Structures are given as C-alpha cells and as structure tokens.
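Notes follow the structure.
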Amino acid sequence: MTTLGHHSALIYVMLAVSSSDGVTSERELKTIGHIVKTLPIFRAFEGHCLAAVTQDCAALLKEPGGVQAVLSQVRAALPPSLRETAYWLALEVALSDARVMLEEIHLAETLRRALGLDRLTAAALERAARARYQVA
C-alpha cells in the first residue's frame, strides 16, 4: 500500500463521497475540480496529477473493503490540522449537486469517526456547508 500525500488524501475523500451513492454527478466532478484549482491547500498540487489520483482512488474503491481502505489511507495521510478540512470537503461535494443521498450521509458519518472529529465540530461544519448552498 502506497502512502498518500495530504493532497491525494483530500481528493480521495471527495471522490469517496461522490461515488458513495453509486453515481458521480457531473456537478460533483466540477466541484472537485474547482476545489483543487482554487483552495489554498491545493496551491502546491500539480493539477495534471488529478486524473491519476482519481483513477487510483476509483480502483481502490472498487475493491472489496475499498471504502475502509480509502478511509484508512486518508487517516494515515492527514495531519490533525487537515482533518476538519477533509470533512468539510466531503460535505461540500455531497451538497454540490443539490441532492444528498443516504449513502453520502452514512459515508460522512463514517468519515467523521475515522478522522476522530467530535460531534460538535462536525455539526458546525455541516451547518456552514448547508448555509453555503441555502436558497431563498
């Protein structure tokens, strides 16, 4: 098993949430691309590597126990300072297509536990993510 860098781990989180309901929407893919291009955490990430990271993650997710393998690698790769970021990115992708499926909610909760985030922190991140997509 190859050790992930923090950039790849954050991308794995977004892809895992996106694929958790069995459908990766075009909107979710655009959101992931936009996040990688614009967020400060990805400034040092070489954009041309995104396709390879995506393929590696997709292959891992297809294996038996793939989601748990992804979460294990993500936890190992992320320093504590980026675990809240990872959770927020998962929420951002889940909310981006205006439909949050039960599988995405379940994966977000599994991710929260895997990253060791307390419920209060998670609730604050969830509320902030929902507020971003609120419409009148």
Per-residue HN-Hα couplings for the stretch 95-107 [Karplus 6.51, -1.76, 1.60; θ = phi - 60°; Hz; x = Gly/Pro]:
7, 5, 9, 6, 9, 9, 8, 4, 4, 5, 5, 4, 5
Per residue of the stretch 41-54, what does 6.51 cos²θ - 1.76 cosθ + 1.60 with θ = phi - 60° give for ³J(HN,Hα)? Whole Hz please, x for Gly and Pro, Karplus curve as stated.
4, 9, 3, 8, 7, 7, x, 5, 7, 4, 4, 5, 4, 4
How many angstrom separate the Cα center of the stretch 85-115 from the Cα center of the stretch 1-43?
12
So if we plug the beta-carbon distance of Arg132 and Arg75 into 1/(1 + (r/R0)^6) with R0 = 25 Å, what FRET efficiency do we get, rounded to 0.05?
0.45
Using each residue's phi in the stretch 122-136, evaluate 6.51 cos²θ - 1.76 cosθ + 1.60 at θ = phi - 60° and report the 3J(HN,Hα) Karplus result to the nearest Hz, with x for Gly and Pro.
4, 4, 5, 5, 4, 5, 5, 5, 4, 4, 4, 9, 5, 10, 5
Classify the chain from the C-alpha gyration tensor, please: rounded if a/c falls under 1.5, else prolate or oblate depending on whether a/b exceeds b/c.
rounded
CD proxy at 222 nm, helix term only [per DSSP H run n ≥ 4: -39500 (n - 2.57); per residue of the chain; nearest 500]
-22000 deg cm²/dmol
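Values quoted throughout were computed directly from the atomic coordinates according to the rules given, and no laboratory measurement underlies them. Everything quoted here is computed from the prediction, not taken from an experiment. Reconstructed Cβ throughout: ideal geometry from the backbone, glycine too, with neighbour counts over all protein chains shown.
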